[in-house]
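Heads up: the structure comes next, in structure tokens.
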């Protein structure tokens with residue numbers, strides 16, 4: 001009864017499960033020894049030992065919002081796991097990986113971040129839809145396909161971007177010559193003459209690391225909360241200064257400039 | 001005779017014997033094969049009526065012949081389970097194929113089934129032989145023993161085998177009602193001696209957002 005040879009995949013018990021490492025490409029095991037971890041709601045799939053899962057932001061956990069969540073606006077999407085034992089994390093059968101930050105910073109797409117150690121602090125990035133982790137510790141992120149690390153200078157496809165570490169925020173890059181002018185407008189509108197779908201990229205410069213996933217399927221976005229509606233805060237819906245091209249205007253991926261500009265008018 | 005061609009394709013080598021497989025899951029075969037639909041999963045009239053009543057319908061075909069037959073279903077990951085007189089409990093939608101010699105049936109799961117969003121009943125497979133079950137992403141097999149009970153999220157549970165007692169745990173508090181729950185309001189606790197299969201993905205359950 002205790003042995004099932006040839007029962008397919010390896011059988012795990014608390015002794016053989018890794019500590020803070022991957023079980024397979026899609027499952028990550030966290031060991032808790034009276035410590036805490038933050039995880040996104042509903043990503044725990046199983047655990048050995050005794051653990052408690054509590055929403056952040058009430059009672060004795062209120063303190064955590066101050067020390068680790070500097071943006072209380074999305075704290076309700078997070079859960080504190082505490083206790084002792086081993087816990088398995090997974091997210092919709094996506095690839096998961098852990099990363100170590102040492103006195104560093106990393107900005108990541110909000111839907112990709114799964115869990116992190118409380119020694120890290122989580123803040124909203126000024127890029128809407130992204131979160132920034134600062135400090136020293138381990139975090140777990142999901143991606144659609146394995147993650148590739150690249151060094152700037154680099155231009156990346158917006159859908160493949162998972163996050164970036166230690167380098168300044170990216171900027172948009174448009175293949176201007178190809179897109180503008182009468183021919184460019186016709187190409188973009190009709191698809192004739194080759195709209196490659198790659199006329200728009202994110203450009204990274206400076207020193208650091210850029211994390212890419214090996215597919216262009218985005219993961220569902222997790223709400224990061226809306227920043228206060230002050231003037232000059234991107235994504236806040238506040239008073240905008242400057243042109244209508246300000247961030248936060250929803251645009252379809254292929255729709256890059258206004259029509260008049262396309263046709264060079 | 002069951003082997004994995006790769007993690008998503010099951011190959012079964014047959015020499016005149018038979019397997020039961022999910023209807024329409026054959027992707028290729030060589031040799032001589034005959035496919036026969038089995039009404040009621042080969043459980044007889046009583047089994048057929050039970051399945052209809054419990055909502056654990058499964059349409060099964062019997063494959064018999066000489067050669068190799070390959071099975072797959074919607075690119076799900078496949079896990080092989082060897083049964084030695086014990087019972088495998090699995091959702092009918094996660095069962096791909098079984099040896100023809102294994103008996104299948106339905107059983108009442110109670111609250112656990114309700115929390116999984118799969119209904120109150122589940123499928124049992126018992127006897128001596130092999131079965132193939134499917135999961136969304138590579139499944140993790142966890143051993144439960146007397147000193148190590150296991151707690152599982154209902155949405156990630158796929159199957160279990162062995163001599164296990166399960167109990168339903170609810171972490172619903174007044175905070176859950178206020179929308180400040182821990183996201184893991186319902187859990188299944190396994191105690192005893194056996195194996196539990198979990199998948200790295202959660203089905204949508206009523207507890208998913210609580």
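How many times 2.2 N^0.38 Å is the alpha carbon radius of gyration of the range A:90-167? Intermediate values should be presented prior to the final figure.
Values: Rg = 12.0 Å, N = 78, 2.2 N^0.38 = 11.5 Å.
For the range A:90-167, the normalised Cα radius of gyration is 1.04.
Give me the inter-chain shielding for A:27-38: mean count of other chain Cβ atoms within 10 Å, whole number please. Present the calculation step by step, with values, prior to reporting the outcome.
On the way: counts 9, 1, 1, 0, 0, 0, 0, 0, 0, 0, 0, 0.
If you average over the peptide's residues, the count of other-chain Cβ atoms is 1.
In vacuum, with every alpha carbon of the range A:78-133 counted as one equal point scatterer, what does the Debye formula give for log10 I(q)/I(0) at q = 0.15, 0.18, 0.27 Å⁻¹? Two decimals, please.
-0.51, -0.73, -1.34
How far apart, in nm, are two points set 7 Å out from the Cα along the Cα-to-Cβ line at residue B:167 and at residue B:34?
The modelled label-to-label distance comes out at 5.2 nm.
Summarise the partner chain shielding of B:131-142 as one whole number: the mean count of Cβ atoms from other chains within 10 Å of each residue's Cβ. Please report the intermediate quantities before stating the final value.
Numbers: counts 1, 1, 1, 0, 3, 4, 10, 8, 5, 14, 9, 13.
Mean partner shielding for this stretch: 6.
Could you check the simple spin-label distance between residue A:205 and residue B:17, using points 7 Å along Cα→Cβ, in nm with one decimal?
Taking the two extended label points, one gets 6.9 nm.
Considering every residue in A:83-94, what mean count of other chain Cβ atoms within 10 Å of its Cβ is obtained? Let's see the in-between values first.
Numbers: counts 0, 0, 3, 3, 1, 8, 1, 11, 4, 5, 10, 3.
The per-residue average across the peptide is 4.
Quick check on packing: order A:21-33, A:105-117 by the mean number of other C-beta atoms within 10 Å, highest mean leading.
Ranking the peptides A:21-33, A:105-117 by packing returns A:105-117, A:21-33.
Laboratory data are not the source of any read-out in this text; all were calculated from the coordinates shown. Source: prediction; values computed, not measured. Virtual Cβ from ideal backbone geometry, glycine too; neighbours counted across all protein chains shown.
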